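Structure first, then comments.
The values are calculated or read from the model by the stated rules, or taken from the named source; none is laboratory data. Quick caveat: nothing in here was measured; it's all calculated off a predicted structure. Cβ: placed from backbone, ideal geometry, glycine included. Neighbour counts: every protein chain shown. Each accessible area value is taken on the protein alone, full model and side chains, heavy atoms only, with ligands, DNA and RNA left out. Shrake-Rupley method; radii C 1.70, N 1.55, O 1.52, S 1.80 Å.
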Amino acid sequence: MEKNEQSLHLALCFPQVLWPRMLTFVVPAEYTGTLEYLFNIIRILIMAEERKKNNAKESTALVISTGAVKLPSPQQLLARLLVISMLASLGKLCGAGAIGLLKTLPEIIHPKLVDLWKTRIPELLQPLEGTREWDQLLKESLWKISDVAWTVQLSRDFSQQMGSYGNTSVEKRFLWKALGTTLASCQDTDFVSSQIREFLISPNQLGDQRQGITSILGYCAEKHFDIVLKVLKTFQDREKFFMNRCKGIFSGKKSLTKTDVMVIYGVVALHAPKTQLLTRLDQDIVSQVLFLYGQCSQVLGMSVMNKDMDVQMSFTRSITEIGIAVQDAEDQGFKFSYKEVLLGYMLDFIRDEPLDSLASPVRWKALIAIRYLSKLKPQLSLNDNLNILEENIRRLLPLPPLEKLKNEGETDKDKERITFLYERSMDALGKLLRTMIWDNVKADDCHEMFNLLRMWLVSQKEWERERAFQITAQVLTNDIEAPEEFKIGSLLGLLAPHSCDTLPTIRQAAASSAIGLFCIKGIRLEVERLQGLQEGLQSDDVHVQIKISSKIAKIVSKLLPSEELLTFLEETLDGLESLNPTCTKACGIWMIAALKEQGAALEDQLLEILGIIYHHMPVLRQKEESFQFMLEAISQIASFHMDAVVANLLQKPLPFDRDTKTLWKSLAENPASSGKLLRALVDKLENGLEDDLAEMDAISVACAMNEVVSTGTPVAGLYPELFTLLLKLVSCTLGQKMPSSTVSHRRRVMQQGERQQNADPCRLSITTLKCVQAQAMKEGLAKESDEGDNLWTLLSSPGTHHIGVCALARSMAVWQHGVILDIMEQLLSSLTSSSENYRITGTAFFSELMKEPILWKHGNLRDVLILMDQSAWDSNAILRQMAIRGLGNTASGAPHKVKKHKQIILESIIRGLYHLARTEVVCESLKALKKILELLTDRDVSFYFKEIVLQARTFFEDEQDDVRLTAIFLFENLASLTGRRWKIFFAEEIKKSMISFLLHLWDPNPKIGAACCDVLIICIPFLGLQELYGVLDHLLDGQDLPRARDFYRQFCVKLAKKNQEILWILHTHSFPFFTSNWETIRSAAVKLTDAIVLNLTNQYMELLDREELTTRLQALRQDPCISVQRAAEAALQTLLRRCKEISIPL
């Protein structure tokens, strides 16, 4: 230790002697290992000298007077120190020492460098990485020196050091660049040419001949472009001669190959001055590269695809560098004539790569070459761009999963290489897509190119989806300048749902892409918040994924341009059809989120949106969750645009198909839309029935109402309007048929084997009314009809419609005053409607309400009464019938009104008795008269009494049971209204009517028989025949009717004793009944005749037209009814016996 310290002390005492001697060890390669210490010693000695020196002259003299020591030349020293300084980037101390020595020795290298290095070297000490700065320092230093001889010598010194370093070392790579840079700075063109020629002929002196020669010639071409091309051409011409090539082989020299020369041309183009490149490019560079590649691809003089990877890689590298060089030239007017040719070669390389492995980098490098070539002019057509991209996508995305590719590698290094190639290839494809898409100024073209990824983004293979999404994220992120017209709606709908895909990499990429879409449109987002949410997508919990995706959707949906919502929705609907369950759910969430935020702005696009949704319904129906999302989407739209949605749905053909029905029900069940839906339908129906005519639109509204109400939608608030409008619709569609044009489209979509449903407008309307009534009953607004389900059958037939309406009116909950009064108010207009059917409907409905006292109390039925009276004179029989019924029912509802308006009421009802063509009117008039007369006195009806009696008698023999029965009841009631004025008249009418009453005791309808018994009891006192009560009482007391023969004989016996005239009148009126349609009446008439003949006095027997009677009885012996035959036979026997008794010839 003491000896070393003494030596160091001695050295420091004589630094001016030692440090120059130390420099002699810097350049020789054998001392490379000691450089770290050597540089440190030299630095210490120089610093010691500087401390001791008194002036610059003394110091310099010492150095110069070192005697026999041979110092390295400045060029040798500079070359050595520059190369070693590169090791500083690797963290080696000798590199830092070399930089420190350069900083210390600028005067020794060259006096002109002192000022330059004083400022530049400290700057270079900041980043100790890379070589570009040191190349620049070398250029600046040579320019500062400006000494040709000095520069020539430096280049020779660089060359002499080639053998000192390994071919893959940092020092060797820098040495090639430094030599090329030095030659570029050399003004001696002959020397430069000779040096290039020497390197081309003997490249082995450079170590790695390809890397060395390409690097040297590339940097040299920066200043001597023409010289480099000239020497290269001369070299190529020389190499064409077979003998010259043989010389090289036999001399043992390794010459450059065509592949090497191809690479040289590419590097030369890359380094060439931009102002000189383009004029020489086609003929002197590209054509030479193509020629060389063609030579490499010839076998026995024939051109074939060269499978040699080195040739392909070299050719691709050359083309890539040429593309970069042309792009850097920035000449907008230059058109690269070889663009399509070179693209063709690159595509051929890619097509030739296997689809099941990734062993070579050809695919990766070709993608890079295509990317640079694609930027050059002339611009390719859209189809060409699409073909290029599609070819590249198809050759890379379908590769097997990365793990499977890696399994092909035998060693870990092989696997690492495959991983490296995979990552680089995907990155290259992403950059290619990014370049070709965004370099286009047309938004539509950008979309077309992006659409090439669609099928891969939704691939069933998750590794293909993963690649597609990673590429998409690369395309859509990082400061993109998209065309102003570029639309993001469709892409957002395509990408966003995959934020819930199966792989975290896909989820992350999908979210990044979705966010990137807004960035390229210049839309400001909450980036930090979105990035935080995006990180959460790494979770494997599906619920977490859905929740995060939903949050992102809510944030960005409000920023989506409203005019792009249509394409967004269309894309999400496609996703609902085809994606996996979690992505499908995300589709629905994004769709609903967008509609909630943007629904109000959809008015102009509404019809298109609904059309798209309808188009997807058949497929989505097969997927329950997707279908529910679609239904919710329509409900969301309807919450903003109810009228428009309703109008659109109403255009669906009738009868509604299953999907349309489902849509209506969904709108009804969704809280967002249900509140407005029924109101909108009521308004539509009201508008459709303004002129009391039902268009097909009104039928559609009714069918929609049926679907809505059937879900349990409350009707209380709209029930009066609903009921009256639907009743009006039923009335207006009565007897209508559905136009064929309305259902033709529906027929076309019928599935095979499905029968076409008969679409009857009235039936459809009644179905809705039935549904509304059912809901009203649940809500206590109506009650069950006394007709049950038959009510709806009655309503649907024109012949029974009015009966159904009456039954419907009876089912009204009259205790709901407000509801029923509203219905009455809205139906009042029906009584004066231009539609005859509607007048009938309204009249029938009010005819039942007229009997409700509570409605007379609270409602304005006085006006109804007046209108009823007017309708009672209408030419339509049913309308008259219903009006007369209403007038009659007034007796129950408002007896005081009957007395007040007795004249008009009686006149209207009595007139109905003359409508002989329609017994329904007659019957209704008879019933109404019976009700009215019960409220009036003899004075009230005195003026009309005779007319009523006479008209009532005309219907005792009517074929309709109801008419006969009502007429008999009416006649019975008239007995109490005779008064003094009409008592005798009525007694005479009783005599004429008694035959009917007696015979109809055995009427086929037992009710009529009972009524006849009652009327006989009432009327007998008018004839003074009270003695007959006993016979009639016997008739009433028996549980079963007595035999007619016995009854008539008892009755006639009593009558004969009291009044033979009436007995005779009975006989004179009996003949018409012999031909009655009812066999019981014919039989009764014969039996009554038998009893009359038996009890007539001799005087009346002589007046008897025995011949006619005999003839009629003879005819009845042939009656089809045995009972009649027997009665006729017995009557003939009685007649014969009586004639014999009084000796009258028969």
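For the stretch 64-101: of the residues being of a type in the set (Val, Ile, Thr) and surrounded by fewer than 18 Cβ atoms within 10 Å (Cβ to Cβ), which is modelled with the lowest pLDDT? Step by step, filter the stretch 64-101, then rank; the result is 64. Of the residues making up the stretch 348-381, those that are over 29 Å from residue 410 (Cα atoms) and among the hydrophobic types (A, V, I, L, M, F, W, C) are 369, 370, 373, 376, 380. Residues of the stretch 976-994 that are open to solvent by less than 70 Å² (accessible area, probe 1.4 Å) and either in contact with a Cys (Cβ under 6 Å, 6 or more places away or on another chain) or farther than 18 Å from residue 934 by Cα (or both): 985, 987, 989, 990, 991, 993, 994.
Considering 193, 215, the condition of being among the polar types (S, T, N, Q) and within 16 Å of residue 230 (Cβ to Cβ) is satisfied by 193 alone.
Consider residue 962 carefully, then state whether it is of a type in the set (Asp, Glu), open to solvent by 10 Å² or more (accessible area, probe 1.4 Å) and part of a helix (DSSP H, G or I). Against the criterion (of a type in the set (Asp, Glu), open to solvent by 10 Å² or more (accessible area, probe 1.4 Å) and part of a helix (DSSP H, G or I)), residue 962 qualifies. Scanning the stretch 407-449 for residues being of a type in the set (Phe, Trp, Tyr) and under 35 Å from the mean Cα position of the chain (by Cα) gives a total of 1. Taking residue 532, is it part of a helix (DSSP H, G or I) and closer than 28 Å to residue 387 by Cα? When the stated conditions are applied, residue 532 does not pass them. Residues of the stretch 140-162 that are open to solvent by less than 40 Å² (accessible area, probe 1.4 Å) and either part of a helix (DSSP H, G or I) or touching a strand residue (DSSP E or B) at 6+ places or on another chain (Cβ under 8 Å) (or both): 141, 142, 145, 150, 151, 152, 154, 155, 157, 158, 159, 162.
Quick check on the stretch 676-695: of everything there that is open to solvent by 40 Å² or more (accessible area, probe 1.4 Å) and in contact with a helix residue (DSSP H, G or I) (Cβ under 9 Å, 6 or more places away or on another chain), which residue is nearest to residue 717 (Cα to Cα)? The qualifying residue nearest to residue 717 (Cα to Cα) is 679.
Answer with yes or no whether residue 931 is surrounded by 17 or more Cβ atoms within 10 Å (Cβ to Cβ) and among the charged types (D, E, K, R). The answer is yes for residue 931. Screening 464, 423, 408 for residues that are over 23 Å from residue 489 (Cα atoms), without any contact (Cβ under 8 Å) to a residue 12 or more places away in the chain and of a type outside the set (A, V, I, L, M, F, W, C) leaves exactly one candidate, 423. Kindly evaluate residue 528 against the criterion of being of a type outside the set (Gly, Ala, Ser) and either over 24 Å from residue 451 (Cβ atoms) or surrounded by 20 or more Cβ atoms within 10 Å (Cβ to Cβ) (or both). When the stated conditions are applied, residue 528 passes them. Within the stretch 651-662, being open to solvent by 20 Å² or more (accessible area, probe 1.4 Å) and of a type outside the set (Val, Ile, Thr) holds for 651, 652, 653, 657, 658, 659, 661.
Looking at the stretch 417-502, the helices (runs of 4 or more DSSP H) lying wholly inside it that each contain 3 or more residues that are farther than 25 Å from residue 350 by Cβ sit at 489-495. Inclusion of residue 544 among residues that are without any contact (Cβ under 8 Å) to a residue 40 or more places away in the chain, part of a helix (DSSP H, G or I) and either closer than 19 Å to residue 495 by Cβ or open to solvent by 10 Å² or more (accessible area, probe 1.4 Å) (or both) is warranted.
Among residues that are open to solvent by 60 Å² or more (accessible area, probe 1.4 Å), of a type outside the set (Ser, Thr, Tyr), within 41 Å of the chain's Cα centre (by Cα) and under 14 Å from residue 392 (Cα atoms), residue 371 is not included. Annotation note: of 276, 312, 283, 288, the sole residue that is open to solvent by less than 20 Å² (accessible area, probe 1.4 Å) and within 27 Å of residue 219 (Cβ to Cβ) is 312. Within the stretch 36-54, is even one residue outside any helix (DSSP H, G or I) and modelled with pLDDT under 70? Yes, some residue in the stretch 36-54 is outside any helix (DSSP H, G or I) and modelled with pLDDT under 70.
Scanning the stretch 791-849 for residues that are charged (D, E, K, R) and farther than 15 Å from residue 734 by Cβ yields 810, 822, 825, 848.
When the stretch 640-685 is examined, which residues are found to be small (Gly, Ala, Ser) and at pLDDT 85 or above? Those that are small (Gly, Ala, Ser) and at pLDDT 85 or above: 644, 647, 666, 668, 680. Can you confirm whether the stretch 915-929 contains a residue that is in contact (Cβ under 8 Å) with a residue 24 or more places away in the chain, in a helix (DSSP H, G or I) and farther than 22 Å from residue 1011 by Cβ? Looking through the stretch 915-929, none of the residues is in contact (Cβ under 8 Å) with a residue 24 or more places away in the chain, in a helix (DSSP H, G or I) and farther than 22 Å from residue 1011 by Cβ. Would you confirm whether any residue within the stretch 1102-1110 is β-branched (Val, Ile, Thr), open to solvent by less than 60 Å² (accessible area, probe 1.4 Å), at pLDDT 85 or above and under 15 Å from residue 994 (Cα atoms)? Within the stretch 1102-1110, not a single residue is β-branched (Val, Ile, Thr), open to solvent by less than 60 Å² (accessible area, probe 1.4 Å), at pLDDT 85 or above and under 15 Å from residue 994 (Cα atoms).
Remark: pairs (first residue in the stretch 1063-1088, without any contact (Cβ under 8 Å) to a residue 40 or more places away in the chain; second residue open to solvent by 40 Å² or more (accessible area, probe 1.4 Å) and of a type in the set (A, V, I, L, M, F, W, C); Cβ separation under 8 Å; 6+ apart in sequence or on different chains) = 1064/1103. The set of residues in the stretch 681-714 that are over 23 Å from residue 778 (Cα atoms) and assigned to a helix (DSSP H, G or I) comprises 683, 684, 685, 686, 687, 688, 696, 697, 698, 699, 700.
Taking the stretch 579-604, which residues are under 13 Å from the mean Cα position of the chain (by Cα) and open to solvent by 20 Å² or more (accessible area, probe 1.4 Å)? Passing the criteria: only 589. Reported count of residues in the stretch 163-192, each being assigned to a helix (DSSP H, G or I) and either surrounded by fewer than 17 Cβ atoms within 10 Å (Cβ to Cβ) or among the aromatic types (Phe, Trp, Tyr) (or both), is 6.
Anything in the stretch 374-394 that is over 34 Å from the mean Cα position of the chain (by Cα) and of a type in the set (D, E, K, R)? List them, or say none. Scanning the stretch 374-394 gives 375, 377.
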